[in-house]
1. Along Cα→Cβ, 7 Å out, is where each label goes; now give me the distance between the ones at Lys316 and Leu2 in nm to one decimal.
2. Between the alpha-carbon centers of region 88-163 and region 211-252, tell me the distance in whole angstrom.
3. Taking the Cα centre of the chain as origin and charging only Cβ (+1 Lys, Arg; -1 Asp, Glu), how large is the dipole, in debye to the nearest 20?
4. What is the list of residues in region 262-279 whose amide nitrogen lies under 19 Å from a point 7 angstrom out from the Cα of Lys42, following Cα to Cβ?
5. Round to a whole number: what % of the accessible area of the chain belongs to carbon and sulfur, probe 1.4 Å?
6. With a cap of 15 neighbouring Cβ atoms within 10 Å, and only residues DSSP puts in a loop, list the trypsin sites (Lys or Arg not before Pro) found in region 154-260.
7. Could you compute the longest span of the chain free of GluC sites (Glu not before Pro) located in DSSP loops and having at most 16 other Cβ atoms within 10 Å, not counting the site residues?
8. Charges only on Cβ, +1 for Lys and Arg, -1 for Asp and Glu: so what's the dipole of region 249-394 about the Cα centre, in debye to the nearest 20?
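The values are calculated or read from the model by the stated rules, or taken from the named source; none is laboratory data. A quick note: this is a predicted structure, and the numbers were derived from the prediction, not measured. Virtual Cβ from ideal backbone geometry, glycine too; neighbours counted across all protein chains shown. Areas reflect the complete protein model, heavy atoms only, side chains present, ligands, DNA and RNA absent. Shrake-Rupley method; radii C 1.70, N 1.55, O 1.52, S 1.80 Å.
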Amino acid sequence: MLLNKARLLTPGPTPIPEQVRLALAKDVVHHRERNFSELLLKVEEQLKTLFGTEQPVLPLASSGTGAMTAAVDSLFAPGDKVIVITAGKFGERWTEIARARGLQVVELSYEWGLAANPEDVETCLEENRDARGLLVQLSETSTGVLHPVKDIAAKLKNTGVLLVVDGISGVGISPCPMDEWGIDCLVTGSQKGLMLPPGLAFIALSARAWKVAERTKGSFYFNLPKERASLARGQTHFTTPVNLIQGLSAAMDLLLGDGLEAVYRKQWALTMLCRRAIQAMGLTPFARANYTWGLTSVLLPDAVSGARVQADCTSKYGVTISGGQDMLKGRIVRLAHMGWIDWADVTAALYALHRGIIDNGGFCGSHDFLEQGLASYRAALEGEPGVEPVLLHN
Ligand SMILES: *Cc1c(COP(=O)(O)O)cnc(C)c1O
């Protein structure tokens, strides 16, 4: 029982740093109290920095999917046409949410493992001039792919089509400056890059998206104009999970402490560590393009059961990693390295993965996979010339 530390390398929930745990343990305060309002307003400024926006970032008491639902219900009315980029499980979720709202969905679909192509977006827009919105993930967590949101946003400029981005596994992990890129709606959740337990979601709208949201009746619970009005007074429309907000304040202090650049650089370096190591093991990353910075998806050798590898990682080494979803069940494992994860956690997970594969009949590749991975990690951290721009589009 005391042999291994439990290490959580899943794409949500993620581990929580001590400073945040201590903040979470504080006494419950009343959400209408002045001290709490002051805390909320302070956190709000930090959230704006995180989102890269001048607009308010509204905390919602829900999982990330709640904010996705709030986005769709607030920005579109039944019958509206939207384009959804689907290249995995979470793209499909946008479709499901949009259909539940009675929207007409045009899917721009890609094989799982691929990223969207901005040229296709342009064509799709031309073919669907009546589209009101385009829904996409920043990071498609089911495959480990980063969609080129910046370039997609550039295609949407001057079209009047609202760009709605699910940044749940991307915000606080890789850059996504909302105002600079021209994103109309950005959402995220608490349990991935933000180093908090599940339970909070965040949503921000652009000025033009707010105009739409003011007209469209969202739901009774997710009433964004009312949330915005409350937040201006340091309040939330309903009872907010006060302890999570206290934890959020500590998490934001940590995230912004050394600047977001430092956070992104670390995330990139961990991605390089993972990627190089699994290649040295003779394995292939499942993402075929634009890999995301918060997780690495690994295609397993045909003969090896993903479920067994995962179970071994947990039972023998204390490392929890994720499997594939839907048709990728058993075929891939996903090693998440987002939030409060460092090189030592990732190294432990890579070792566990390596042993898990060998013990279940797979091959092992090179024995110095950790040294190779760590060499890439150091190079990325030190910021070899030219690394930064490559980061965004690889
Ligand atoms: C985790 C995740 C979600 C779902 O978030 P919940 O908090 O489980 O509702 C949605 N989109 C992406 C990209 C995710 O990674």
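1. Modelled inter-label distance: 2.4 nm.
2. 26
3. It works out to roughly 860 debye.
4. Nothing falls inside the zone, counting backbone N under 19 Å.
5. Numbers: 8390 of 15920 Å².
Of the solvent-accessible surface of the chain, carbon and sulfur hold 53 percent.
6. Lys157, Lys217, Arg233
7. Here the longest run is 112-394.
8. On the way: 12 positive and 14 negative charges, 104 e Å.
Here the size comes out at about 500 debye.
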